[in-house]
Structure formats: C-alpha cells, structure tokens
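Read the structure below first, then the notes.
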Amino acid sequence: MVPHPSRVWALEPGLHLMEGISIEIQPNGLRKPAHEGPAEAPLILTLGDSSVFGHGVATGETLHDQLQTRLEAAHLPARVACGGIPGYSTYQTLRLLEEVGWDL
C-alpha cells in the first residue's frame, strides 16, 4: 500500500506477493482479473474491502473472477472488474468510485 492524497492509501501498481498469493495491481490501482470480457460489453465493478478484493485468494478464484466465469458460461457478455481495496471504508470506496470507477 502507498499513501494516497484523497483515499489515505491505495494499492501500488505491479506484481505483489500477498499471503503467499501472487497478484497484479493495474496502473489504475485495481486488482487485475484473471481474464477480461469483451471490450464492448457492459462493466460490472465489484466494490468493498478485503473480502471483495480477495485477500489471500488466488487470481481466478476471486469473487470478480468467478462472476466473470459464470457470466461467460451463461453466454452473458460482461466485463467484471475488482474495485475492492483491503481495509477501505465506505467513504474511501466512494472516493475510488469517483476517481477511478466511473471512468471505467
């Protein structure tokens, strides 16, 4: 985690080892999904704290990755992105939505 001017902290972009799990944080500060849906498909942004982020959960097994997989299996085109950040309060999550989420 790195200091952030409006959200107190944010996830540092790059590859990281958390709880023995290798994860990638994208330049926008969000956890990279196992795979992305079609670019033209609607976006679902999961929001929350470490539970939604998938703290200690391998890529491909997280809430957002499982949702992406199940939507694809049901032939429902969508892109699912993880907006969960460990430890974030409702206030921080709303700031993340304003600063990053709506632009997605």
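Bear in mind these aren't lab numbers, they're just calculated from the coordinates by the rules spelled out. All of these numbers come straight from a predicted model, not from anything done at the bench. Heads up, the Cβs are rebuilt from the backbone with ideal geometry, glycines too, and the neighbour counts pull from every protein chain shown.
Tabulated values for the structure
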| read-out | value |
| --- | --- |
| Note, ³J(HN,Hα) from phi for region 91-104, Karplus 6.51, -1.76, 1.60, rounded to Hz, x at Gly and Pro | 4, 5, 5, 5, 5, 4, 4, 5, 7, 10, x, 5, 6, 5 |
| Paramagnetic reach from Tyr91 (point 7 Å along Cα→Cβ, amide N under 14 Å) across region 3-24 | 5-9 |
| Interchain or long-range residues, amide H under 5 Å from Leu45's placed H | Ala81 |
| In Hz, Karplus ³J(HN,Hα) per residue of region 69-80 (6.51, -1.76, 1.60; θ = phi - 60°; x = Gly, Pro) | 4, 6, 5, 4, 5, 8, 6, 10, x, 6, 10, 10 |
| Candidates Leu45, Leu63, Leu15: whichever shows maximal mean-square fluctuation once the chain is modelled as a Gaussian network with Cα springs under 10 Å | Leu15 |
| DSSP-defined antiparallel bridges as percent of all bridges, the chain, nearest 5 | 60 percent |
| 5 angstrom amide H check on Ala34, placed H, neighbours 5+ away | Gly60 |
| Calculated from backbone phi, Karplus (6.51, -1.76, 1.60) coupling profile of region 34-43 in Hz, x at Gly/Pro | 4, 7, 10, x, x, 4, 8, 6, x, 9 |
| Taking the convex hull of Cα positions in region 1-50, its mean projected area over all directions (nm²) | 4.5 nm² |
| Loop-located GluC sites (Glu not before Pro) in region 1-97, at most 15 other Cβ atoms within 10 Å (DSSP) | Glu19, Glu36, Glu40, Glu61 |
| Equivalent-ellipsoid semi-axes of the chain, from the Cα gyration tensor, Å, largest first | 22, 16, 11 |
| Helix-derived mean residue ellipticity, 222 nm - over the chain, DSSP H n ≥ 4, -39500 (n - 2.57), to 500 | -6500 deg cm²/dmol |
